[in-house]
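Please read the structure below before turning to the comments.
Readers should treat all values here as calculations from the given coordinates under stated rules, not as data from a laboratory. Only a predicted model underlies this, so the values are computations on that prediction, with no experimental measurement involved. Counting neighbours? That spans all protein chains shown, and the Cβs are built from the backbone with ideal geometry, glycine included.
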Amino acid sequence: MSTADVEILPQSYKTDEHPIWCPGCGDFGVLSSLYNSLAGLKINPKDLVVVSGIGCSGRTPGFIKSYGFHSVHGRVLPVALGVKLANPSLHVIGVGGDGDGFAIGGGHIPHAARRNPGFTYLVMDNSTYGLTKGQYSPTSPVGFQAGSTPYGNIEQPINPLAMLIAYGATFVGQGYSGKPRELSDLITKAMEHKGFAFVNVISPCITFYNTYKMMPARLGELPKDHDVTNRVKAFELALQTDKTYLGVFYQVRQPTFEEGVANIIKSAQASSPPRLEEIFAEFD
Ligand SMILES: Cc1ncc(C[n+]2csc(CCOP(=O)(O)OP(=O)(O)O)c2C)c(N)n1
Ligand code: SF4
Ligand SMILES: [Mg+2]
C-alpha cells in the first residue's frame, strides 16, 4: 500500500460537500477523528475506498476525498469485502449505523468476522435510526421511548462488542465521538491491524436520542494491564455494561481472507486444474 509522497493534512481529505448532519451530531466528531487518522497514516486518497450503508452515518463517503460507495442499507460488509478482494492493496473502511449494521445487516457480521478480511468497520452507534426520525434500534436500551415504541422498548439491546468477539473478529474496540483524540488513536490502530477491525463508536444523535449528558458518568478506561489477546477476558469486559469502556478490547493476528485467496490462486496456478471439458465429461 502506498502512502502519499506530498504533505497531507487532516483537511486534505475534506470534500466541497458540507455535512448536512444536525449541528452537534456525534458523527462530526467521528469524521474529524477519521480525517486525523488518515492524515497520520499518510494515506493517499487514491488508495482509499470508503463504503457505507444507508443512514445519517451512511453519508460519510460524501465528505471524504477518496473513492466512495454509498451502498445499500445493511450491505456495508459484503461490498467492502468485495472491494478489498478485488484489490487488496487498497485501504478500505466500511461505515454505517447501528440499524444498518446490527438490524438489516446483522446477518453479514458473523461471516465478515470469521473470514477476517483486511478492512476497518466503523459503526456510528447512536442507538436509534437517526435518518428515519428516531425509531428504536438493536442497541436502544429497554424503556427507550420513540414513535415506534411509545410505551417503551421491551427488547434487550445487542452488545456489539461481545457479539463481535464471540464471532471471532480479530480486532474489537470502542470509541466515543466526544473524545475525538482517543477515537482517532483507536481508528489508527484499527486501520493498522491486519484483518477485520471492528470499532463501535458511541456517536450520539442529538436530535432523537441525546446521550451526551449521561456519557461522562458512564465512561470507563479498560484496565491498564488488560491483555488484548485474551479473548475470554475481552468478552468479560465487553459484558460489563454498567460502564462504557473505551479502547481496544481484543486484537490477534490471524490469516486474512485476501491472504487465503492469494494462496489458493498460487496453488491453482502451480497445479494443473482439470480442463472444463473434463469437468463437463463427468456429467455426460
Ligand atoms: C431496505 C431498506 N429498508 C429500510 C430503509 C429505511 N432506512 C433508511 S436508514 C434506516 C435506519 C438508519 O439507522 P442507522 O443505521 O442506525 O443509521 P443512523 O441514521 O442512525 O446513522 C432505515 C430503516 C432503507 N433505506 N432500505
Ligand atoms: S438525526 Fe441524529 S444522527 Fe442524524 S444527523 Fe441529526 S443528530 Fe445526527
Ligand atoms: Mg443509528
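Rounded to the nearest 0.05, what FRET efficiency is calculated for Lys46 and Glu17 with R0 set to 22 Å and r the Cβ-Cβ distance?
Using R0 = 22 Å, I get an efficiency of 0.75.
Name the residue farthest towards the positive end of the dipole of the range 27-88 from the options Asn44, Gly68, Ser57, assuming +1 on Cβ of Lys and Arg, -1 on Cβ of Asp and Glu, about the Cα centre.
Asn44
Under 5 Å between amide hydrogens, which residues at least 5 positions from Leu219 or on another chain qualify, with H placed 1.01 Å from N in the peptide plane?
HN-HN under 5 Å from Leu219: Thr244.
Which length gain, in nm to one decimal place, applies between Lys133 and Val261 when the Cα-Cα distance is subtracted from 0.36 nm times their residue separation?
Gain on stretching Lys133 to Val261: 41.9 nm.
For the chain, what does the relative contact order come out to in percent, with C-alpha contacts under 8 Å and a separation of six or more?
Relative CO of the chain lands at 17 percent.
For Thr149, list long-range residues whose amide hydrogen, built 1.01 Å from N in the peptide plane, is under 5 Å from its own amide hydrogen.
Long-range HN contacts for Thr149: Tyr136.
Report the full-extension gain for the segment Arg231 to Glu182: residue separation times 0.36 nm, less the Cα-Cα distance, to one decimal in nm.
15.4 nm
Could you list the square roots of 5 times each eigenvalue of the Cα gyration tensor of the chain, that is, the equivalent ellipsoid semi-axes, sorted largest first and rounded to whole Å?
33, 23, 20
What number in nm² do you get for the range 175-235 if you take the convex hull of its Cα atoms and divide its surface by four?
5.4 nm²
Sort Glu282, Glu17 by Cβ crowding within 10 Å, fewest neighbours at the top.
The order, fewest Cβ neighbours first, is Glu282, Glu17.
If you project the alpha carbons of the range 108-174 onto the principal axes, what extent comes out on each, in Å, largest first?
41, 22, 20
Taking θ as phi - 60°, what are the ³J(HN,Hα) couplings along the range 110-118 by the Karplus curve (6.51, -1.76, 1.60), each to the nearest whole Hz, with x for Gly and Pro?
Using θ = phi - 60°, the values come out as x, 6, 5, 4, 7, 7, 6, x, x Hz.
With +1 on each Lys and Arg Cβ and -1 on each Asp and Glu Cβ, and nothing else charged, work out how big the dipole of the range 50-182 is about its Cα centre, in Debye to the nearest 20.
My answer is approximately 360 debye.
Over its Cα atoms, what ratio of radius of gyration to 2.2 N^0.38 Å does the range 178-284 give?
Compactness ratio reported: 1.75.
Just rank Met215, Met124, fewest to most, by other beta-carbon atoms within 10 angstrom.
Listing Met215, Met124 from fewest to most nearby Cβ atoms yields Met215, Met124.
Can you tell me the orientation of helix 76-86 relative to the chain, as the angle in degrees between its alpha-carbon axis and the longest Cα principal axis, to the nearest 10?
30 degrees
Of Pro110, Gly96, Gly152, which is farthest on the positive side of the dipole of the range 78-169, counting Cα position, with +1 on Lys and Arg Cβ, -1 on Asp and Glu Cβ, and the Cα centre as origin?
Pro110
With +1 assigned to the C-beta of every Lys and Arg and -1 to the C-beta of every Asp and Glu, and no other charges, what is the dipole magnitude of the range 175-284 about the Cα centre in debye, to the nearest 20?
780 debye
How far apart, in nm, are the 7 Å Cα→Cβ label points at Glu192 and Leu239?
Those two pseudo-labels are separated by 3.1 nm.
Suppose we look only past 28 Å in the calculated P(r) of the range 1-143. What percent of the Cα-Cα pairs does that tail hold?
Roughly 17 percent, once rounded to a whole number.
Which one of Pro138, Val123, Gly173 is farthest out on the positive end of the charge dipole of the range 104-236, using unit charges on Cβ (Lys, Arg +1; Asp, Glu -1) and the Cα centre as origin?
Val123
Could you tell me what percent of the DSSP beta bridges with both partners in the range 112-228 are antiparallel, to the nearest 5?
25 percent
Counting other beta carbons within 10 Å of each residue's own, what order do Ile158, Ile264 fall into, fewest first?
Ile264, Ile158
About the Cα centre of the chain, how large is the charge dipole given +1 on each Lys and Arg Cβ and -1 on each Asp and Glu Cβ? Please answer in debye to the nearest 20.
480 debye
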